[in-house]
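A quick write-up on the structure given underneath.
The values are calculated or read from the model by the stated rules, or taken from the named source; none is laboratory data. These numbers were taken from a predicted model, which means no experiment stands behind them. With ideal geometry, Cβ positions are generated from the backbone for all residues, glycine too; neighbour counts draw on all protein chains shown.
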Amino acid sequence: MLLTKREEQLMKAFLQVGKLSLKEMADILQVSSRTVYRTLSDLTISLESQDIQIIKEGKKYYLSGDVAKLTDVQAEESYSASQRLVLMAYQLLTSQNPVTNEQFQERFYVSNVTVIQDIASIEGRMADFGLGLSRQKGYRIEGAAGQKRRFLAILLANAISVQDFWSDCYEGYPLLEKSKVSRARRVFESYQKNLGDIDSTLKEFLIILLSLADNQEHLEHQLQVSKAALEFSQKVFADLAKESKQFYGIQEIIYFATILDELIIKRQEVPLFREQFDSGFYYSISQLVDAISRFTKIDFIKDKLLFRLLFNHIRLSLAVPILFPDYATTNVAYLATQKNPFLHSLVSLLMKDIFPAYIQNEYEYELVTLHFASSLRRSPDIYPIRLLLVTDERPLTTSVLVSKIKSIAPFVELIDVQSTTNLANIRMDQYDYCLSTKPVPHLGLDLISTFPNTQEILELQETLQSIQENRTVLQREEMAIERHYDLQAYLMASAQLLKHFQLTQLDNQPNFDQTVRQIVQELDFVKDKKYLADKLLSRFAVSPLAIPKTNLALIHTQSSQVSNSQFRIVNLAKPVQALSMNNQEEQVQRVLVMLTRLGEEEEIRELLTAISQSIIENNLYTEIYRTGNQEIIYQLLNSIFNEKIKKLEN
C-alpha cells in the first residue's frame, strides 16, 4: 500500500492519538476542512486493502481493524504548507503564462480553498517586496524586474539548503542551470576575500543572483554606488563574460553592485574607513537593545556580545529573509518565547516599529527573543542573582562546588561562601537564593551535595533560572564582599618560596618508604626528621598522591617540626613503586615535596595551594614538573605566583 504524504501524516496521527476531530486534523495537516475531508476519503480507500476502516463517533474519527499491519506503509512525496508556498511562488515567478487555480490543485493535491488561502499568503509576502499579483485568466506576478529577480533569488536561497547548493542538488528548480551556477560560484569565490567574512546563506543568495543575470530586462538601480561595490561587480562580470563568452551590460553590473552595497559593504561590523555605511542599520540595532533594556529594566546594553550577535543575525535576515516560515512548537526559539512571554511581546512590538515589513513574522520575533533570553543566561552583568552557600567544607572542595554552580549559571554575579559559625552576621534578604551542604536548623536552607550528581546539577540549573526569571526588579544594596589583600605580603611570600625551591638528585633505595625517609634526611628547616618522615608516610597511606601516568608523587604535610614552609622536587636515581590516586601502582621517578609550618601566614598557604592545583589540574604544568630542569620549573612557579597575585590585585 502506497500513501500520499498527507495520508501518511494523518494515519500516524490516528495511531499516536487514537481519536481526532476535524479541527485537530486540519491543524495537524495545516490545510482547510475541505482538504481534510478529501484526505480522509482518500485514506479510507487506501486502507480498505488492509481491512481497516475509519469510523466516525460523534465529532471524532478513529481507525478500526488490525492497525498493526500499518507499520511498513510507504508514502509518496508530498509537501508541507511551507514547501508548498515556496513551490507555488517559484512557479508564478518562472512561468511565461498565468497559472490557474486548477493547475495548483492538480499539482499539490489540495482543494480550491487551500489554493486561495495559499495565494493570499504569497500575495501578502510579495507586497512586502513591492510586487503584486494580477488575476486575469490565472495568477501572474507584476512588478519591477529587479525586484522580481531579487525575490526569486531569496526564494531559491530559502528552498535549497547550503549543503545541497554546493553539491549541485537542486533539480526541482530548473531555472538554475548547473553550468551557470558553477561558473558564478567559482568567479565569486575568487574575489570573495574583498568582501570579508560572509554567512554561507548570504553567499548562496549572491551566487544565485549572479547566475540569474541575463541582460533581458531593464533593472532599476541606485545612482550612488560605492567604489568598492562597483569594482567588485566589474571584476566578477568581466570574468563571467570571459568564461561564458557572453556580454553583460552596464545595468547588470550596477544592479549587482547596488545589492552588494546594501547588504554587505554598507553594513560592516566595523564601519571605520568605509566611504559609505548604513548608519540607519547600526542605529536600529542600538535602538532595539536600548528600548528592550528600558522597558524590561534589564541592562542588556552591558552584554558586549549581544550587539554583535543581533547585528549579524538581523543583517542576514534583511538580506535573505525567511519568506514562508514553517512554524514549529519544538524549536529552541519557540520554547524561549514560552518562557519569556513579556520579552517576546516587547520584541514583537519594537521590531514592527524599527525594521522593514518583510522581516515581520512570528518566526523572526522568536529568534530575536532567543538572543535576548540567551543574554540573560550568559552574562552576570545583565540580570544577576546572588547566592549564599553555607558550608564548612575544605577550601578546595568548596571551590570545586562553586565552579560547578557557575558553569551551569553564568548569570550568577556572586556566590558568597560562609561558614555556619558566621550565620548570625548574615543578612539573608540580600541574597536571591540560599544553599547549604548540610542541614541548618530553623533556617530552611535548600540542600546541595558537596559533590552533586548530574540530576542534582540539572535541577539546580532549572531552579536558578526560575529565580532569575521571577526576581523582582528593585534597586538593591551594593554587596561587595569585603576582602583586603596585602599584595606586598604576597610578593614577599612568593620570594620566600622561590628562594627555597630546589630540584635535587637522590641516589635512592628501591623502596618508596625508604626513599621518603632519605628525602627527609636531606631537607633543611626540619627539626625532628624521623617524626616528619613517619607523618608524611602515614598521610600518603591514607591519601595516596602518586599522579597516574606521570611518574610523579606528591608528599605534603603541615607540621610543628617544620620551621620554614617550602616546595622542592627530588629526582630519583632508581624508580620506585607507589600507590596512585586511582589506587593503581605508579612507577615514581620524581617526588614533589610540599611542607608547611604550623601557623603559617595566609599568603604562603594560598601560594602553596596554587602550586598543588597546578600539579593536578593543568596537564601542561604537570608535564613541566615531570620533565623540566630547575630553571624551567622556577620560571613556572614564578608565573603561577604572579598570576595569583594579579587576580587578587584585580
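Condition (residue is assigned to a loop (DSSP other than H, G, I, E, B), surrounded by 14 or more Cβ atoms within 10 Å (Cβ to Cβ) and small (Gly, Ala, Ser)) applied to segment 607-624: is it met by at least one residue? Checked against the condition, which is being assigned to a loop (DSSP other than H, G, I, E, B), surrounded by 14 or more Cβ atoms within 10 Å (Cβ to Cβ) and small (Gly, Ala, Ser), segment 607-624 yields no hits at all. Of the residues Tyr109, Tyr139, Tyr170, the single one that is without any contact (Cβ under 8 Å) to a residue 40 or more places away in the chain and either polar (S, T, N, Q) or in contact with a helix residue (DSSP H, G or I) (Cβ under 9 Å, 6 or more places away or on another chain) (or both) is Tyr170.
On inspection, Ser190 does not qualify as polar (S, T, N, Q), loosely packed, with under 14 Cβ neighbours inside 10 Å, closer than 16 Å to Ala319 by Cα and within 35 Å of the chain's Cα centre (by Cα). Scanning segment 438-459 turns up no residue that is farther than 27 Å from Ser612 by Cβ, surrounded by 13 or more Cβ atoms within 10 Å (Cβ to Cβ) and touching a Phe, Trp or Tyr at 6+ places or on another chain (Cβ under 7 Å). Taking the conditions (1) among the hydroxyl-bearing types (Ser, Thr, Tyr); (2) at pLDDT 85 or above; (3) out of contact with any strand residue (DSSP E or B) (no Cβ under 7 Å at 6 or more places or on another chain) in turn, Tyr625 satisfies each one other than (3).
Just for segment 193-221: of the residues that are more than 38 Å from the chain's Cα centre (by Cα) and without any contact (Cβ under 8 Å) to a residue 40 or more places away in the chain, which one is nearest to Gly143 (Cα to Cα)? It comes out as Gln216. Whenever a residue of segment 637-648 is at pLDDT below 90, its partners that are exposed (fewer than 14 other Cβ atoms within 10 Å of the Cβ), lying with C-beta atoms within less than 7 angstrom and at least six residues away or across chains, give the pairs Ile645/Leu487; Leu648/Leu487. The set of residues from segment 413-463 being closer than 15 Å to Thr397 by Cα, without any contact (Cβ under 8 Å) to a residue 40 or more places away in the chain, part of a loop (DSSP other than H, G, I, E, B) and touching a strand residue (DSSP E or B) at 6+ places or on another chain (Cβ under 9 Å) comprises just one member, Ser419.
Summed over segment 57-97, residues that are assigned to a helix (DSSP H, G or I), hydroxyl-bearing (Ser, Thr, Tyr) and modelled with pLDDT of 85 or more total 3.
Right, Phe129: outside the structural domain of Gln216 (by TED's automatic domain parsing) and closer than 21 Å to Tyr358 by Cα or not? Yes, satisfied. Residues that are within 16 Å of Ile207 (Cα to Cα) and surrounded by fewer than 19 Cβ atoms within 10 Å (Cβ to Cβ) within segment 222-247 comprise Gln234, Lys235, Ala238, Asp239, Ala241, Glu243, Ser244, listed in sequence order.
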